[in-house]
1. Calculate the spin-label point distance for HIS40 paired with HIS214, positioning each point 7 Å from the Cα along the beta-carbon direction, and give it in nanometres.
2. So what's the net charge close to LEU85: Lys and Arg +1, Asp and Glu -1, counting the other residues with Cβ under 10 Å from its Cβ?
Amino acid sequence: MGILDTLAQADALGRAVALLLLAMSVASWVVIVWKSWLLHRAARDVRLSTAAFWQASDLDDADKRLATFDARQLLLPLLRAARSLGSAPAHTLATAGDRSQQLTRVLRDALHRVLARLQYGQVLLATVGSTAPFVGLLGTVWGIYHALTSIGLDGGFRIEQVSGPVGEALIMTAAGLAVAIPAVLAYNVLGRKVAEIEAELEGFARDLRELLCHNGTVPAPAV
């Protein structure tokens, strides 16, 4: 009896569990492929953009260079957030504190927005990795329940009574693990890559803050 035949004999709950595992698998693999491509390009963009920034003659030139090299918009939001310093209305909390504190605040907020984009999808992978085995276990328990019910109603035991439900139960167990394992591995691997890019962005934000504090003025952003 094949897998499709076994699932065809399942009841509504068994099919719902199978469809849920399929949806979780498709969603996790879409995120895995998309994030792998995104983080590979992002790591390259950060390296190129950082080099281009420090080769610029001034902040206007740096803005133009980042607009060319920073296709994922990772460093450019940090630069433009820092250059927007002073645009807030006077005598507000946004302008409270010294120059260093204001730069720290705007760079931190911009960095958090960039990191939120890089971390997008990690929650889904973590959720699939942690819940898929239990979803599969639900199908397993339901299949065993059907096998025991079949034996109880008949009053005897024949292998034909339990082969279908037990086969369904084993398939659900294997399916739950097959969905969870790639999601857990991808979560760890991609999470490490996000952490590496995050460290580079934090280093750039810190260097940018020191540069602008040392200069004493922040030129207005280019129009």
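Throughout, read-outs are computed from the coordinates displayed, never taken from laboratory work. These figures come from a predicted structure and were not determined experimentally. Positions of Cβ are generated from backbone atoms using ideal geometry, with glycine treated the same way; all protein chains shown enter the neighbour counts.
1. That separation, rounded to one decimal, is 3.7 nm.
2. +3
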